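**Student:** My structure is below; once you've seen it, I'll send some questions.
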Amino acid sequence: MQSVTKPTNGSGRAMPRGLQRWAAAVILSGLVGGASPAGGQEPQAAPSPTAAGEATVASLFTDFLHYSVLGKFDIADTYAQEMLNHPKLDPVEVLRLSEAQAESVDTLLILVNNSTIGERAARVLEVIREGERTLRKQSDQIAINIEKLGGHPQTEYLATMHLVESGEYAVPLMIQTLGDESKKALWNRVIRALPQMGKSALNPLVESLAVRDDNLRETVIGVLGEIGYGQAVPYLLAVASDEATTSSVREAAMSAVERIGQRLGRRFGESPSAAFVELGEQFYDEHGSVAADVRDPDANVWYWNAENQFAENTAVPSRIFGQVMAMRCAERALQLDGDAADAIGLWLAANIRRESRLGVNVESGDPAETGETDPTRPAELPRALYFTSAAGPRYAHMVLNRAIADRDPPVALGALAALQ
């Protein structure tokens with residue numbers, strides 16, 4: 001018997017049965033191609049949403065989905081356009097509306113791939129995603145969920161899930177809670193919740209290793225060991241190799257490294273500088289385990305504010321996130337070992353690639369030429385060509401060889417300009 005492939009919504013999940021029937025009906029009736037609805041009747045002219053006074057975002061969203069499911073795409077498109085241009089359009093409200101209407105996101109995914117209003121449906125989906133991004137950043141809501149960790153088991157579970165949704169944005173406030181004696185009753189619950197956040201918590205957590213309180217430092221180390229990602233290893237090795245580190249913190253750091261190694265089935269070396277170069281190479285190559293989510297326009301680079309004892313983020317365009325982080329890893333490697341030649345080559349290549357992705361001519365050293373802004377670097381920072389030329393032919397050739405191996409024209413052009 002011939003197998004039948006189950007339709008999916010584009011994310012790999014099977015479509016709900018009702019949507020399968022709807023998609024099949026739309027395709028078979030020719031509506032996707034723009035033909036008239038069944039029965040040969042032309043769709044009615046789109047009602048004017050503002051005819052009886054200004055429509056709400058909620059009613060426009062509902063009507064858009066309603067006429068989409070009916071296959072009346074011209075009418076649906078009118079409602080979608082009205083909603084997207086609405087002066088009171090709030091992405092969080094649209095997110096809530098999508099959550100309240102079962103299968104709305106699945107419907108939008110089908111429209112994107114199988115209808116004449118795919119572009120408009122994609123814009124509505126992006127509004128929903130913007131609502132998700134906005135909601136998970138709200139510090140007041142994060143603080144409320146941290147407090148709810150102290151509730152009954154069901155309340156704690158729901159609060160943990162909300163904190164997981166907030167991801168990296170929740171980590172600084174959770175670490176701050178662990179350093180607040182007045183909130184000691186929440187400490188065990190926060191410690192229990194942090195590992196459940198997984199990879200999304202890593203970047204602010206590794207920066208939090210700089211906290212002054214050694215007890216809190218050991219707690220952060222324990223969480224990193226439990227999460228078990230190799231991305232934390234260079235930072236843990238740096239803590240362990242620091243002469244100022246206490247013996248108990250050093251032992252905790254090495255224990256966490258060993259635990260991560262067991263989870264990954266590998267043995268890590270003892271050189272934090274080499275480990276930072278290895279991690280920097282992963283960022284440079286935009287390896288899946290460390291790459292930014294390309295669906296989001298921005299990605300966060302985290303820093304430790306020593307004065308406030310708090311991790312703070314700076315948003316950068318997602319397309320340069322890997323290069324910014326590669327440069328930071330190379331800088332950390334050089335702080336630990338000033339003779340790390342591979343770190344210098346990595347930094348130079350990442351800087352050229354970063355400039356090219358910001359829309360700057362990498363063959364020019366003109367400081368007056370500007371592209372898109374990188375907020376992690378000072379405005380007066382010399383151009384990439386200056387650094388590659390100043391480093392000398394040895395390092396320019398290292399960058400060129402890397403570019404040839406990667407088939408990366410912008411980096412190759414930047415290296416060649418430095419060699420001229």
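**Student:** Mind checking which pairs have a first residue in the stretch 377-393 that is in a helix (DSSP H, G or I) and a second that is at pLDDT below 95 and surrounded by 13 or more Cβ atoms within 10 Å (Cβ to Cβ), Cβ under 7 Å, 6 or more apart or different chains?
**Tutor:** L385/S364; L385/G365; Y386/G365
**Student:** Looking at (1) in a helix (DSSP H, G or I); (2) more than 24 Å from V233 (Cβ to Cβ); (3) acidic (D, E), can you tell me which one E331 breaks?
**Tutor:** Exception for E331: condition (2).
**Student:** Okay, next question. Do you know which of the residues in the stretch 94-115 that are assigned to a helix (DSSP H, G or I) and touching a Phe, Trp or Tyr at 6+ places or on another chain (Cβ under 9 Å) is nearest to K72 (Cα to Cα)?
**Tutor:** Here the residue is L111.
**Student:** Continuing with this model, one more query. State all residues of the stretch 272-284 that are touching a helix residue (DSSP H, G or I) at 6+ places or on another chain (Cβ under 7 Å) and either of a type outside the set (A, V, I, L, M, F, W, C) or under 18 Å from I227 (Cα atoms) (or both); if no residue qualifies, say none.
**Tutor:** Within the stretch 272-284, P272, S273, L279, G280, E281, Y284 qualify.
**Student:** Filter the stretch 53-75 for residues that are in contact with an Asp or Glu (Cβ under 8 Å, 6 or more places away or on another chain) and small (G, A, S); which is surrounded by the most Cβ atoms within 10 Å (Cβ to Cβ)?
**Tutor:** The qualifying residue surrounded by the most Cβ atoms within 10 Å (Cβ to Cβ) is A55.
**Student:** How many residues, within the stretch 328-376, are closer than 20 Å to S241 by Cβ and free of Cβ contacts under 8 Å to residues at least 12 places away in the same chain?
**Tutor:** 3
**Student:** With the requirement that a residue be hydrophobic (A, V, I, L, M, F, W, C) and touching a residue at least 12 places away in the same chain (Cβ under 8 Å), what does the stretch 140-160 give you?
**Tutor:** Those that are hydrophobic (A, V, I, L, M, F, W, C) and touching a residue at least 12 places away in the same chain (Cβ under 8 Å): I142, A143, I146, L149, A159.
**Student:** Of these, R192, R217, which one is modelled with pLDDT of 95 or more, touching a Leu at 6+ places or on another chain (Cβ under 7 Å) and over 21 Å from Q282 (Cβ atoms)?
**Tutor:** On inspection, the qualifying residue turns out to be R217.
**Student:** Looking at (1) part of a helix (DSSP H, G or I); (2) touching an Asp or Glu at 6+ places or on another chain (Cβ under 8 Å); (3) of a type outside the set (K, R); (4) modelled with pLDDT of 95 or more, can you tell me which one S200 breaks?
**Tutor:** The one condition S200 does not meet is (4).
**Student:** Ok, one more. Could you list all residues from the stretch 76-93 that are farther than 13 Å from E126 by Cβ and not in a helix (DSSP H, G or I)?
**Tutor:** Hits for the stretch 76-93 are N85, H86, P87, K88, D90.
**Student:** Collect the residues in the stretch 350-387 that are closer than 15 Å to A417 by Cβ and touching a Phe, Trp or Tyr at 6+ places or on another chain (Cβ under 7 Å), keeping them in residue-number order.
**Tutor:** Passing the criteria: N351, G365.
Per-residue answers, yes or no, for (1) of a type in the set (D, E, K, R); (2) free of Cβ contacts under 8 Å to residues at least 24 places away in the same chain; (3) crowded, with 16+ Cβ neighbours inside 10 Å:
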| position | (1), (2), (3) |
| --- | --- |
| G222 | no, no, yes |
| A232 | no, no, yes |
| R263 | yes, no, no |
| G280 | no, no, yes |
| H287 | no, yes, no |
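**Student:** Name every residue in the stretch 69-101 that is without any contact (Cβ under 8 Å) to a residue 24 or more places away in the chain and acidic (D, E), in order of residue number.
**Tutor:** E99
**Student:** What tally of residues in the stretch 340-372 results from selecting those that are more than 25 Å from A232 (Cβ to Cβ), of a type outside the set (S, T, N, Q) and surrounded by fewer than 24 Cβ atoms within 10 Å (Cβ to Cβ)?
**Tutor:** So the answer is 13.
**Student:** Among V290, V316, V324, V301, which is of a type in the set (V, I, T), closer than 28 Å to G365 by Cβ, out of contact with any Pro (no Cβ under 9 Å at 6 or more places or on another chain) and outside the structural domain of E168 (by TED's automatic domain parsing)?
**Tutor:** Matching residue, one of V290, V316, V324, V301: V324.
**Student:** Which pairs have Cβ atoms under 6 Å, sit 6 or more apart or on different chains, and link a residue in the stretch 165-193 that is outside any helix (DSSP H, G or I) to one that is of a type outside the set (D, E) and surrounded by fewer than 21 Cβ atoms within 10 Å (Cβ to Cβ)?
**Tutor:** Listed pairs, sorted by first residue: G179/L216.
**Student:** Is at least one residue of the stretch 398-410 of a type outside the set (D, E), modelled with pLDDT under 95 and surrounded by fewer than 19 Cβ atoms within 10 Å (Cβ to Cβ)?
**Tutor:** There is no residue in the stretch 398-410 that is of a type outside the set (D, E), modelled with pLDDT under 95 and surrounded by fewer than 19 Cβ atoms within 10 Å (Cβ to Cβ).
The values are calculated or read from the model by the stated rules, or taken from the named source; none is laboratory data. Here the structure is a predicted model, which is why all the values come from computation and not from measurement. Note: ideal-geometry Cβ built from the backbone for every residue, glycine included; neighbour counts use all protein chains shown.
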